[in-house]
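Student: Dumping the structure here so I can ask a few things about it.
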Amino acid sequence: MFPDPPRSGGPRVGILALQGDVREHARALEACGATAVPVRRPGELAAVEGLIIPGGESTTIDKLTRIFGMRDPLLERIAAGLPVYGSCAGMIMLADEIADPARDLDGNPQQTLGGLDITVRRNAFGRQVDSFETELEFQGLAPEGGAETPLHAVFIRAPWVERVGVGVQVLATVRAPGTLAPAAPNPGQTGGQTARIDPEVRAVAVRSQHLLATSFHPEVTGERRIHELFIRMIRGEA
């Protein structure tokens, strides 16, 4: 599943390999010079410098973290400052709050790992048939002094962010369904309030210190700048 390790001596980045698009993230990491490793057990988690929680089914990932004994180790490492990037379902797993959590047969809501002071809404843009692509203005992709260019993003049953807390930076937004067009991010939006810049705008990429999350899937388009940003975060360069 995973490519041969690169020769660059890049950081060792784990991908939570319980469910989801693990292989695509592995290819993106390797293309950026990192070593991608699957993480299914606590010992594997202990050996990585950063972690990606991939897209997939957030309810399934939630259940499998507990079945594989990963929930508590993940909580501990996130609290200790492990850099983590979550895409799509991974964003949901990193959110402190879900606006519309799925519930089991006993009525218990799904759990998240948390760490990002945000509220997300699952499948917010609609079903699989409502998937779409758009160009985003995304902050912080280029190294310091570099020019920013729009990022091509694919949204598949994607969540969006409805609230950001103190210290959470909105990196990219889109317009709500029916008016989908790129919208400029609001770098000053870090208070405990809604992440909407106006009634038609939704936040789709956020960061708080060592945690990064996107609603979309950069790993499926050949877009490498999100993974490059995450590697710079791991190295303390961003």
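The values are calculated or read from the model by the stated rules, or taken from the named source; none is laboratory data. Because the structure is a prediction, the values reported are computed rather than measured. Cβ placement follows ideal geometry from the backbone for every residue including glycine, while neighbour counts extend to all protein chains displayed. With ligands, DNA and RNA removed, areas are computed over all heavy atoms of the protein, side chains included. Shrake-Rupley method; radii C 1.70, N 1.55, O 1.52, S 1.80 Å.
Student: Using the heavy atoms of the protein chains and a 1.4 angstrom probe, tell me the accessible area per residue for region 43-168 in square angstrom.
Tutor: 44
Student: Can you pull the percent of region 1-114's accessible area that's carbon plus sulfur, 1.4 Å probe, other chains left in place?
Tutor: With neighbouring chains kept in place, the figure for region 1-114 is 46 percent.
Student: Sequence-distant or interchain residues sharing an amide H contact under 5 Å with G86, placed H: which?
Tutor: Counting only residues 5 or more places away or on other chains, the set is I53, L212, A213, T214.
Student: Would you please give the residues with an amide H less than 5 Å from that of L171, counting only those at least 5 places away or on a separate chain, with H modeled from the backbone geometry?
Tutor: Hits under the 5 Å cutoff: A205, V206, R207.
Student: Can you give the Rg and Dmax of region 199-238 based on its C-alpha atoms, in angstrom?
Tutor: Answer for region 199-238, Rg first and Dmax second: 11.7, 37 Å.
Student: As an exercise, use a Förster radius of 41 Å and the Cβ-Cβ distance of E76 and D100 to find the FRET efficiency, rounded to the nearest 0.05.
Tutor: FRET efficiency, E76 to D100: 0.90.
Student: Given the whole protein assembly as supplied and a 1.4 Å probe, what does the accessible area of R103 come to in Å², nearest 10?
Tutor: My reading of the accessible area for R103 is about 150 Å².
Student: If you plug each phi of region 60-74 into the Karplus form 6.51 cos²θ - 1.76 cosθ + 1.60 with θ = phi - 60°, what whole-Hz ³J(HN,Hα) values come out, in order, with x for Gly and Pro?
Tutor: Values per residue, Gly and Pro as x: 5, 4, 4, 5, 6, 4, 7, 4, 8, x, 9, 4, 5, x, 5 Hz.
Student: If you don't mind, there's one more thing I want to ask. Hey, if we sort D72, D117, D106, D62 by accessible area with the 1.4 Å probe, largest down, what's the order?
Tutor: Greatest to least solvent exposure: D106, D72, D117, D62.
Student: Something else about it: Regarding region 15-102, what whole-number volume in Å³ per residue does the convex hull of its Cα atoms give?
Tutor: On the way: hull volume 7.6 nm³, N = 88.
With only Cα atoms used, region 15-102 gives 86 Å³ per residue.
Student: Here is a further query. Obtain the radius of gyration and the Kirkwood radius of region 25-161 from its C-alpha atoms and give Rg over Rh.
Tutor: Working: Rg = 16.1 Å, Rh = 16.5 Å.
Dividing the radius of gyration by the Kirkwood radius yields 0.98.
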